Amino acid sequence: MALAQELYSFPASKLDSFVAQWLQPTREWKEEVLDTVRAVEEFLRQENFQGERGLPRDVRVLKVVKVGCFGNGTVLRSTTDVELVVFLSCFHSFQEEAKHHQAVLRTIQKRMYYCQELLDLGLSNLGVTEGVPTGLIFTIRTRETWEPVTVTIVPAYRALGPSCPNAQLPAEVYVNLIKANGYPGSFSPSFSELQRNFVKHRPTKLKSFLRLVKHWYQQTHHPGPSRPHPQCGRRVQMGHSCSAGQPVSETGLLL
């Protein structure tokens, strides 16, 4: 807990220096991780997913959104957990998403094994996450240093439309959400752009504060060299808490 102790010894006037020295990632490292994740994004955008029974023949990706700390600009140094929300053409309502969610996961999972670029990046540990909502989680490695990166993909209904407005949403969106009567958190990814933008466009001072809080939480509740499992952090980030006693990674704290 060396960093945590050092944090407590820092006066408030020098917290910006602490964030820059200990918490903020280097531009080179962040770019290396994001360059690796771009391979996943390109796969999703370019792949023609042939739907299973009950799905349209042609399932297209409408948009891929980075959420969590890499999406909103509050990533901590050495964090290698990246979350992607994927809006799909086969979802025309919350009800359709709930009905076909698992079939879509199986379809994407099958196609990933045929993507040579992902295989070249050491694709491994591909499986379905537990909790709400479910998604695909897997590991790939950076091109230069071969460091492992954990990526989570969550398919979602594009409830906000082609663009994500910063203004108040139409009441119809919330009416449809209530009528869908989904399990708490199951449709949260549909609103992930709002969650991301809530922090992304805030001043640097606020983002530094969020880094400090996440760092303090990790050091206080999960000291030691072992890292919390990224899946639990995604549960909180997507709007649904982990089970009692389960660790929460920094990607899941404060959006």
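The values are calculated or read from the model by the stated rules, or taken from the named source; none is laboratory data. Values in this document were obtained by computation on a predicted structure and should not be read as measured data. All Cβ positions, glycine included, derive from the backbone under ideal geometry; neighbour counts span all protein chains shown. Only protein heavy atoms, including side chains, enter the accessible area calculation; ligands, DNA and RNA are left aside. Shrake-Rupley method; radii C 1.70, N 1.55, O 1.52, S 1.80 Å.
Residue 147 exposes around 100 Å² of accessible area when a 1.4 Å probe is run over every protein chain in place. How large a share of the accessible area of the range 95-176, in percent, is made up of carbon and sulfur atoms when the probe is 1.4 Å and the other protein chains stay in place? Carbon with sulfur: 50 percent of the solvent-accessible area. Surface calculation, 1.4 Å probe, protein heavy atoms: residue 151 sits at approximately 0 Å² accessible.
When you count the other C-beta atoms within 10 angstrom of each residue and take the mean per peptide, 23-33, 102-112, 83-93 line up highest first as 83-93, 102-112, 23-33.
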